[in-house]
Structure formats: C-alpha cells, structure tokens
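Here's the structure we're looking at; comments come further down.
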Amino acid sequence: MSQVSPAFDRPIQYSWQRCRSDYALNPAERRSPSYVALADLERRRKRTGHTYAIACAELAALGQILRGPIGVMLTDPDAVILSYAGERSFAPLARQFGLRPGAIWSECEQGTNGMGTCLAERAPIIIEQRQHFLRQNTALTCCAVPILNGTGELVAVLNASTLGSLSGAPTLALLELVARNIENRTLLETHRAEHFVLRFHEAREFVSTAAEGMVVIDTVGTIVASNRAALDMLGTGAYASVCGRPSVEILDVDAPQLKHLVSQPSHHPQMLRYGPYFVQAEGPVESRMSALRGRERAGNALQEAERQALLAVLERHDGNVSRAAASLGLSRRTLHRKMQRHALRRDELV
C-alpha cells in the first residue's frame with residue numbers, strides 16, 4: 001500500500017491517514033463516484049438559500065476567467081456537487097472523472113481530493129496530482145476554498161480542477177476572492193429584509209467592495225452575523241467574539257443611531273465616520289419602504305398645499321395670471337410653470 005510522502009503538507013498527510021484508518025480505502029481501488037437522486041439534488045440546492053443562485057453566476061464568470069481545460073464546481077457541506085461550469089474541451093474529462101452535479105466527492109467516497117479535503121480541514125487547499133489518495137484521481141490537480149455563512153458555518157465549497165498541473169497559488173487566491181464575494185452577497189440577501197446591515201472599511205473607497213467589512217444587526221442592536229473581512233478588521237478570527245454582542249461595544253453604534261441613519265431623506269446610504277472606519281448603514285427593507293412612503297406622503301402633502309394656495313390667489317384675482325403673479329412676488333412665467341405642474345387652468349377657476 002502506498003505510503004504518504006513526508007514532503008506532503010500536514011493537511012494532506014492527515015487526509016491520507018483518515019483515508020486509511022477511518023475509511024479503509026485502498027489507493028489502487030477503482031471507485032466510481034456515488035450520485036444522489038435528482039430530487040435530492042434539488043433539495044440540497046434549495047437548502048443553501050441564496051448561496052446557490054449567487055454562486056452559479058460566479059461560477060459561469062469564473063469559468064470564463066480561468067479559461068483553458070478546467071472545470072469549476074460548487075458543493076454542499078456533504079461534498080455533493082451542486083453546480084458545474086467550465087471550458088467546453090474539459091467537459092468529456094469532467095464526465096469521465098465524475099465531476100458533475102449530483103456526484104459525491106467526500107473523502108470517504110473519493111479519498112484525498114480538493115472538495116472533500118477542503119470540507120474536512122475547513123480551509124483552502126491545493127491537491128496536486130500524486131497527492132490524491134486514489135491513483136485513479138492522480139491525473140487531476142484541484143484547488144478548493146470553503147464558503148461560510150454569517151456565523152462561521154461552512155455551507156459550501158468552491159473547487160477548480162484540471163488535468164495535469166495548475167498554477168495553484170494564483171488560482172487559489174482567485175477562488176478565495178470569489179468565495180468572499182459569494183459570502184458577502186449571500187449575507188446581504190439573507191438579512192437585508194429584516195435587519196440592519198453595517199458596511200465599513202478604513203478606506204472610504206473600499207466600502208461596497210469585496211474587501212468591506214459587514215455586520216448584521218437586529219432591531220435591538222445585537223450583532224447576529226458578520227463577514228470574514230469584518231472579523232479581520234476587528235482583530236479577531238472568531239465569529240463568536242462578535243456575533244451575539246451589542247453593536248455599540250464593537251462599532252460604537254447602537255440601534256437608535258442606526259434607525260436615525262437609515263431614516264434620513266436620501267436616495268443613497270450616507271457615508272459616516274465611526275472611529276477608524278467609514279460606515280454605511282442599510283435598514284431593513286420594511287423600514288426603508290416606510291421611510292420612503294413617509295417622504296412621499298410628506299412630498300404629496302407639500303404639493304397639495306402649494307396647489308391650494310395658488311388656487312386661492314388665482315380665484316382672488318379672478319384668474320388674472322399677471323395680478324396673481326405680482327401678489328405672490330413671482331414672474332408671470334414662473335406662475336405659469338407652477339400652474340402647469342399642478343394642472344391648474346384659468347377656465348376651470350370658480
């Protein structure tokens with residue numbers, strides 16, 4: 001039986017040990033991937049919430065960026081491939097190796113591999129050809145990164161596989177950037193309907209980019225979720241040190257301040273400075289809609305008040321626009337414009 005090379009990185013050595021002791025796999029054994037039923041695959045896709053739809057769009061773009069004979073995949077936490085995209089010439093090889101939706105690529109099924117080992121280690125990983133435990137997979141090189149939700153739970157894996165060698169480090173860096181983007185967009189779509197979202201960075205121009213920190217805050221001021229960039233900027237790698245704590249302790253902003261920020265009459269979120277950060281706050285959708293409806297009602301009331309005032313002046317001067325304009329301190333042209341805006345016609349005046 002093949003022995004793990006001492007030159008392999010520790011995560012790969014640990015994976016080989018699991019393959020032997022926990023899964024009783026034989027490197028020379030040929031194992032066709034197992035597949036879940038189509039109905040189960042659909043349930044798994046829905047279970048990811050917004051992640052699946054967002055990641056599918058990113059996979060299509062990633063396949064174009066990477067070019068060459070390469071396939072990119074999204075798996076769920078059980079290493080079931082949910083989605084595949086890639087260069088057309090790689091498609092026959094992808095089918096040959098079982099790199100297609102529904103296939104299970106956990107370590108216990110396929111030994112050391114990008115998707116399964118990334119899930120086991122909860123960390124980005126590169127598995128080069130001979131580092132695969134099963135010899136049938138040693139023609140492949142795989143790069144994989146985890147995708148986390150706002151409380152640090154691993155919800156998916158993003159993987160790129162190719163035949164032969166791969167520029168591992170640059171590919172891994174690109175996958176990590178795409179994974180962060182998927183995480184950020186999923187965080188927004190999951191929480192923006194009911195919670196406040198605080199987006200921040202030390203540099204103004206990085207707010208609303210993949211590098212921004214994001215924390216999700218409930219209506220009483222408790223942080224319920226965060227992205228990884230926020231943890232980095234706040235000096236902690238632990239979701240538990242941020243989630244569940246009052247936002248005023250972490251970012252010096254409380255629920256009343258957040259409500260005030262998002263109620264301001266502006267079509268764009270305001271950029272403010274809190275401590276070392278530039279911050280934008282977005283309120284729950286219902287709060288934003290209520291504020292918008294309030295501004296619309298206020299605007300409509302103001303318009304109606306102006307219309308009634310113009311109507312009273314015109315009636316007082318028997319519809320004479322020149323005398324009405326003079327009494328209001330307006331030019332005749334300005335009064336005509338206001339009359340047009342309010343649909344006032346002299347022949348309709350009482």
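The values are calculated or read from the model by the stated rules, or taken from the named source; none is laboratory data. Small disclaimer: the values here were computed from a predicted structure and weren't measured. Note: ideal-geometry Cβ built from the backbone for every residue, glycine included; neighbour counts use all protein chains shown.
Looking across the stretch 36-54 at every residue that is out of contact with any Lys or Arg (no Cβ under 9 Å at 6 or more places or on another chain) and part of a loop (DSSP other than H, G, I, E, B), the one that is farthest from residue 80 (Cα to Cα) is identified as 49. In the set (1) modelled with pLDDT under 95; (2) in a helix (DSSP H, G or I), residue 33 fails one condition alone, (2).
Candidates are the residues of the stretch 58-84 that are modelled with pLDDT of 90 or more and among the small types (Gly, Ala, Ser); the one that is surrounded by the fewest Cβ atoms within 10 Å (Cβ to Cβ) is 83. Identify the single condition in (1) in contact (Cβ under 8 Å) with a residue 12 or more places away in the chain; (2) out of contact with any His (no Cβ under 6 Å at 6 or more places or on another chain) that residue 212 does not satisfy, given that it satisfies every other one. With (1) in contact (Cβ under 8 Å) with a residue 12 or more places away in the chain; (2) out of contact with any His (no Cβ under 6 Å at 6 or more places or on another chain) applied to residue 212, the lone miss is (2). So, residue 97, is that one in contact with a strand residue (DSSP E or B) (Cβ under 6 Å, 6 or more places away or on another chain), aromatic (Phe, Trp, Tyr), farther than 18 Å from residue 49 by Cα and surrounded by fewer than 24 Cβ atoms within 10 Å (Cβ to Cβ) or not? Against the criterion (in contact with a strand residue (DSSP E or B) (Cβ under 6 Å, 6 or more places away or on another chain), aromatic (Phe, Trp, Tyr), farther than 18 Å from residue 49 by Cα and surrounded by fewer than 24 Cβ atoms within 10 Å (Cβ to Cβ)), residue 97 does not qualify.
Note on the stretch 72-109: residues that are in a loop (DSSP other than H, G, I, E, B) and touching a Gly at 6+ places or on another chain (Cβ under 7 Å) total 5. Checking each residue in the stretch 208-236 for being part of a helix (DSSP H, G or I) and closer than 19 Å to residue 190 by Cβ picks out 228, 229, 230, 231.
Residue count for the stretch 317-326 under the criterion of being part of a helix (DSSP H, G or I) and either surrounded by 13 or more Cβ atoms within 10 Å (Cβ to Cβ) or in contact with a Gly (Cβ under 7 Å, 6 or more places away or on another chain) (or both): the result is 5. Only one of the numbered conditions (1) part of a helix (DSSP H, G or I); (2) touching a helix residue (DSSP H, G or I) at 6+ places or on another chain (Cβ under 6 Å) is violated by residue 171, and that is (2). A count restricted to the stretch 17-30 and to residues that are outside any helix (DSSP H, G or I) and not acidic (Asp, Glu) stands at 7. Are any of the residues in the stretch 183-195 among the β-branched types (Val, Ile, Thr) and within 30 Å of residue 69 (Cα to Cα)? Within the stretch 183-195, one or more residues are among the β-branched types (Val, Ile, Thr) and within 30 Å of residue 69 (Cα to Cα). Restricting 103, 123, 179 to residues that are over 16 Å from the mean Cα position of the chain (by Cα) and either buried (at least 16 other Cβ atoms within 10 Å of the Cβ) or not assigned by TED's automatic domain parsing to the domain that holds residue 89 (or both) narrows the list to 103. Quick check on the stretch 196-203. Is at least one of its residues surrounded by 14 or more Cβ atoms within 10 Å (Cβ to Cβ) and part of a helix (DSSP H, G or I)? Taking every residue of the stretch 196-203 in turn, none turns out to be surrounded by 14 or more Cβ atoms within 10 Å (Cβ to Cβ) and part of a helix (DSSP H, G or I).
Scanning the stretch 126-139 for residues that are part of a helix (DSSP H, G or I) and buried (at least 20 other Cβ atoms within 10 Å of the Cβ) yields 131, 137. Of all the listed residues (190, 186, 151, 162), the sole one being polar (S, T, N, Q) and touching a Pro at 6+ places or on another chain (Cβ under 9 Å) is 162.
Remark: pairs (first residue in the stretch 51-72, of a type in the set (D, E, K, R); second residue not in a helix (DSSP H, G or I); Cβ separation under 7 Å; 6+ apart in sequence or on different chains) = 67/87.
For the stretch 246-281, a tally of residues being under 22 Å from residue 211 (Cβ atoms), modelled with pLDDT of 80 or more and exposed (fewer than 14 other Cβ atoms within 10 Å of the Cβ) returns 2.
Regarding the stretch 282-303, can at least one residue be identified that is modelled with pLDDT of 80 or more, of a type in the set (Asp, Glu) and in contact with a strand residue (DSSP E or B) (Cβ under 7 Å, 6 or more places away or on another chain)? Yes, there is a match, as at least one residue in the stretch 282-303 is modelled with pLDDT of 80 or more, of a type in the set (Asp, Glu) and in contact with a strand residue (DSSP E or B) (Cβ under 7 Å, 6 or more places away or on another chain).
The numbered conditions (1) under 21 Å from residue 155 (Cα atoms); (2) in a loop (DSSP other than H, G, I, E, B) are all true for residue 68 except (1).
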